[in-house]
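K.L.:
Quick one: the structure is below, and I'll ask about it shortly.
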Amino acid sequence: MKRLSIVALAAGAMALVLAGCGSSDKSADASGLKQAGTTTARTTSPAASTSVGPLVQPPADAPTSATAAKKTTAPAGAQTTCGDFRDLSEDTEKQVIDQILAAHPGSFLDGSPNVALGTAKLACLASTYANTPVAVAIRVAPK
């Protein structure tokens, strides 16, 4: 009986606290913004400067290319290492995965080239698999 009264007392106190946290000003519209005629003080932030400062030039020795070009020719399919796989274009990656799945029929990824491709991309992110064949990294071929 004491526990029930303590729980009821705590719930009542919480309801009072939450009711006190609500806004008593009913002049807010649906979006929560105050109407223009309210008597509350408004704070304004200073206007942002529209002038543009001097442009910052990159250093002369900075590389001009953001990313290296991806390879569009597939190495020997099932023998492609993860290091080589990371440098392939998307179409070439799909070709390599198709070759790997064709070379290892009956694997758990057989018939799921998209799953195999995603697995290969994730597995080959690890630097420890750089010299490991993709087929081994995605576990369709034995080590």
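K.L.:
Out of the residues in the range 71-118 meeting the condition of being aliphatic (A, V, I, L, M) and open to solvent by 30 Å² or more (accessible area, probe 1.4 Å), tell me which one is modelled with the lowest pLDDT.
P.N.:
My answer is ALA74.
K.L.:
While we're looking at this one, here's another question. Scan the range 114-143 residue by residue and report those that are closer than 14 Å to ALA78 by Cβ and part of a helix (DSSP H, G or I).
P.N.:
Correct list: ALA116, ALA120, VAL134, ALA135, VAL136, ALA137.
K.L.:
Looking at (1) without any contact (Cβ under 8 Å) to a residue 24 or more places away in the chain; (2) touching a strand residue (DSSP E or B) at 6+ places or on another chain (Cβ under 8 Å); (3) open to solvent by 20 Å² or more (accessible area, probe 1.4 Å), which is the only condition PRO133 fails?
P.N.:
Among (1) without any contact (Cβ under 8 Å) to a residue 24 or more places away in the chain; (2) touching a strand residue (DSSP E or B) at 6+ places or on another chain (Cβ under 8 Å); (3) open to solvent by 20 Å² or more (accessible area, probe 1.4 Å), PRO133 violates only (1).
The values are calculated or read from the model by the stated rules, or taken from the named source; none is laboratory data. Please read all numbers here as calculations on a predicted model, not as lab measurements. Neighbour counts run over all protein chains shown; Cβ positions are idealised from the backbone, glycine included. Side chains included, ligands, DNA and RNA excluded: accessible areas come from the protein's heavy atoms. Shrake-Rupley method; radii C 1.70, N 1.55, O 1.52, S 1.80 Å.
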